[in-house]
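Below is one structure, written out as structure tokens; the observations come after it.
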Amino acid sequence: MAILEALNIWKSYIDEQFVLKNVQLTLNEAEFASIQGRSGVGKSTLLRIVGLLEKTDRGELHLFGQATEGLSERQCAKLRLEKIGFVFQSLNLIPHITATENIEVPLWLKKVTAAKRKERALELLNNFGLKSLKDRFPHQMSLGEQQRVAVLRALANEPALILADEPTAHLDEDNAEILFDLLKRLNKEFGTSILMTTTNIEESAVARTRYHLSHGILEVKEW
């Protein structure tokens with residue numbers, strides 16, 4: 001079953017140059033797909049459209065079997081909160097709270113009780129071998145550790161879809177490999193669908209389905 005269908009997506013900005021041209025993209029349940037392309041070609045824009053953070057100029061977007069055209073901002077926010085987890089290259093951890101509390105943020109937005117928030121955060125840290133980070137603040141963690149905590153935060157609400165925008169952009173090779181192992185485990189063991197962007201051709205190969213974006217055109221890359 002397709003949880004994401006982007007049909008004939010076009011997007012331009014102020015200069016009226018189209019950054020996305022007639023994009024067609026389908027992501028099925030438990031699928032891991034990557035979009036590879038140079039910086040500035042529109043990968044992040046496409047992910048933001050899929051995540052209901054930006055609107056298209058034209059085209060249709062269906063998420064979880066639902067047409068998104070006409071949804072209010074409140075409805076979009078509800079869908080994001082309940083179904084989608086975001087992992088950004090900029091990490092976006094809140095600096096003055098611990099790893100546990102950062103992971104709890106989506107649950108706080110969902111009005112989950114404090115006890116259940118903490119239980120879920122500690123469960124994720126334990127399951128993925130990061131219990132030692134539970135009381136650390138972001139500045140007390142390496143970049144690799146911060147990014148793994150950001151992934152766990154994206155998982156807090158048990159989303160069906162993870163959108164990861166160049167998640168290894170600031171990581172060295174060893175930490176990038178650890179992060180990819182985490183994403184692959186999420187996909188394989190928990191059936192989480194993942195759509196990831198990257199500038200690196202080799203990194204794109206961790207996904208079972210690979211796309212390439214160039215000059216606004218999205219193409220499937222054959223193995």
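Where a number appears in this text, it was derived from the coordinates with a stated rule and is not lab data. Because the structure is a prediction, the values reported are computed rather than measured. Virtual Cβ from ideal backbone geometry, glycine too; neighbours counted across all protein chains shown.
In this model, which of Lys83/Lys221; Lys188/Lys221; Lys43/Lys188; Lys78/Lys221; Lys43/Lys83; Lys131/Lys188 are farther than 29 Å apart at the alpha-carbon?
Result: Lys78/Lys221 exceed 29 Å.
Considering amide H positions built from the backbone, and no H for Pro or chain starts, which residues 5 or more places from Leu218, or on another chain, come under 5 Å of its amide H?
For Leu218, whose amide H was placed from the backbone, the distant partners under 5 Å are Lys21, Gln24.
Helix-derived [θ] at 222 nm for the chain: sum -39500 (n - 2.57) over DSSP H runs of at least 4, divide by residue count, nearest 500?
Computed ellipticity for the chain at 222 nm equals -11000 deg cm²/dmol.
Please express the shape of the range 56-139 as an equivalent ellipsoid: the semi-axes are the square roots of 5 times the eigenvalues of the C-alpha gyration tensor, given largest first in whole angstrom.
The answer is 30, 15, 12 Å, longest axis first.
If amide H atoms are built 1.01 Å from N in the plane of the peptide, which residues on other chains or at least 5 residues away come under 5 Å of the amide H of Gln89?
Asp165
Which one of Ala115, Phe88, Thr100 is farthest out on the positive end of the charge dipole of the range 76-121, using unit charges on Cβ (Lys, Arg +1; Asp, Glu -1) and the Cα centre as origin?
Ala115
Which ordering of Lys116, Lys221 is given by a fewest-first count of other beta-carbon atoms within 10 Å?
Lys116, Lys221
What residues qualify as long-range amide H neighbours of Glu54, i.e. H under 5 Å apart, gap of 5 or more or another chain, H built at 1.01 Å from N?
Distant-sequence amide H within range of Glu54: Ile49.
Using volume of the Cα convex hull per residue in Å³ as the read-out, say which of (1) 140; (2) 127; (3) 176 was calculated from these coordinates.
Structure-derived value, by its label: (2).
Output ³J(HN,Hα) for the range 123-139: one whole-Hz value per residue in order, computed from phi by the Karplus curve 6.51 cos²θ - 1.76 cosθ + 1.60 with θ = phi - 60°, and x for Gly and Pro.
Rounded to whole hertz, the list is 4, 5, 4, 5, 4, 10, x, 10, 4, 5, 8, 4, 9, 8, 8, x, 5.
Pop out the ³J(HN,Hα) list for the range 52-64 in order, Karplus 6.51 cos²θ - 1.76 cosθ + 1.60 with θ = phi - 60°, rounded to Hz; leave Gly and Pro as x.
Result, rounded to whole Hz: 6, 9, 9, 9, 7, 6, 7, x, 10, 10, 10, 10, 6.
Antiparallel as a % of all DSSP beta bridges within the chain, to the nearest 5?
50
Let's test the formula: R0 of 30 Å, r as the Cβ-Cβ distance of Ser39 and Glu73. What FRET efficiency results, to the nearest 0.05?
FRET efficiency, Ser39 to Glu73: 0.55.
For a Förster distance of 41 Å, can you work out the FRET efficiency between the beta-carbons of Ile217 and Ser142, rounded to the nearest 0.05?
After rounding, the FRET efficiency stands at 0.65.
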